[in-house]
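What follows is a short report on a single structure.
The values are calculated or read from the model by the stated rules, or taken from the named source; none is laboratory data. All values reported here derive from a predicted model rather than from experimental measurement. Side chains included, ligands, DNA and RNA excluded: accessible areas come from the protein's heavy atoms. Shrake-Rupley method; radii C 1.70, N 1.55, O 1.52, S 1.80 Å.
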Amino acid sequence: MSVSDGSRPSTSPDYVAASAHAFGPGRHLRSRSKVLPEHARGHNRALVLQTLYHSGAMSRADLSRETGLTRVTISDLVAEFIADGIVVEMGVRETVGPGKPPILIDIDRVGHQIIGLDLSGPHAFVGALLSLDGDVLERREVPRPESADGDAAYAATLELARALAETATQPILGVGIGSPGVVRPDGVVLSSPNLGWSNLPLEAKLGIDLDLPVLVRNDANAAVLAEYTFGEAKADFMLIKIGRGVGAGVITGSQPLLGSRFAAGEIGHVVVGTDGGPRCACGKDGCLEAWLSETRLRPAIAAAPESRDEILRDAGTRMGIAIAPIVAALDLSEVVLSGPEDLLDGVLIDAAVETLHARTLEGVFEDALIRRTHQEDIVLRGAAVMVLSSQLGVS
């Protein structure tokens, strides 16, 4: 098999379409720990897969140069990946002159699929079957239980995951889930009042019931991974997810920030200001969620459409007040918003930017940005990143 353009092998249309999604330059979530000798092989595996995932097809010699690993190490790892069905040989690169043309290899982007679930919607649990590049192949949803019934919420989650598994046309690499609430790194949902969950080992329980690898994280933390991997975000940023509630995920120094209580980013129930404000579902007055959530803004605008700009400006100002100390304390480059375009773009973001700049050090933070993400299905795509990171070491 040869290539006609000098750089890509000829292969199936499906693979060409998938391989076209290679991302570059590659970025990965930085580890806090040093690589010990006994962990070197795992580190090298992740490095090779990360490079292929973001850079696309290349020869073994190219891969050796890109990673700094010896050709012998690359040859051994690639042989192992091919045997495991993770990497495929795509054919030879056309060359001019003497010598054997190199064989190109790449991640088998169509050889596995991922299930992603977003449990944060106001009316439904949404799920998708995704490619390794984060593209949605199939979509399903089930109604969200009307009351905070933990058993019903779990049953709906399991039903959705099983329905998506039945649509898979390739082996499933894993299941990623974005859940509202406080979630431990081992997938235990410590608290999700809206779903009726407290100390629920969701990751372990679903893993047994589905007989698949399962990863569970907070929905905003899943979304921030999607923006980092597939979006335009920098190495230090916060993503605020605005919908039924308000929550945030933070990446600083290319490292997700979780916190000692696994609750970093739980800004929705921070009281903004000292002048009271709307009553929040938590029982306090003036929480950021009570000012900013979609479930508050839409009814408020519907009740007083002539005051739309004033309502959105007030919400943006409150958000700016809440995020200013976070941006300053962590020296964040930008704040990315995920939520309804008609509410966020324009008046609300403009007010938030003005407030952020007014409340941070002049001459230092004037270039800090607030923008809306361009990604759809950001929690579902973040769920795919969770699986890629856990199973392949790719982010």
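What to note about this one:
- CYS280 long-range amide H proximity, modeled H, under 5 Å: ASP285, GLY286, CYS287
- 3J(HN,Hα) along the stretch 70-83: 5, 5, 5, 4, 4, 4, 5, 5, 5, 4, 5, 5, 5, 4 Hz, from the Karplus curve 6.51 cos²θ - 1.76 cosθ + 1.60 with θ = phi - 60°, whole Hz, x for Gly and Pro.
- Cα pair distances exceeding 16 angstrom across the stretch 279-338, given as percent: 52
- Cα gyration tensor, the stretch 252-296 - rounded (a/c under 1.5), prolate or oblate: prolate
- With semi-axes defined as the square roots of five times the eigenvalues of the C-alpha gyration tensor, the equivalent ellipsoid of the stretch 125-164 measures 23, 9, 7 Å, largest first.
- For the stretch 255-395, the mean projected area of the C-alpha convex hull, equal to one quarter of the hull surface, is 10.2 nm².
- Temperature 10 °C, viscosity 1.306 mPa s: under these conditions the Stokes-Einstein estimate for the chain, based on its Kirkwood radius over C-alpha pairs, is 71 µm² per second.
- Solvent exposure, largest accessible area first (probe 1.4 Å, DNA, RNA and ligands not counted), of HIS54, HIS357, HIS39, HIS123: HIS123, HIS39, HIS357, HIS54
- Using θ = phi - 60° and Karplus 6.51 cos²θ - 1.76 cosθ + 1.60, couplings along the stretch 42-53 (whole Hz; Gly, Pro as x): x, 5, 5, 4, 5, 5, 5, 5, 4, 5, 5, 4
- q = 0.18, 0.25 Å⁻¹, the stretch 36-133: log10 I(q)/I(0) [Debye, one scatterer per Cα]: -0.87, -1.33
- Distribution of pairwise C-alpha distances over the stretch 152-202, 10 Å bins, in %: 23, 48, 25, 5
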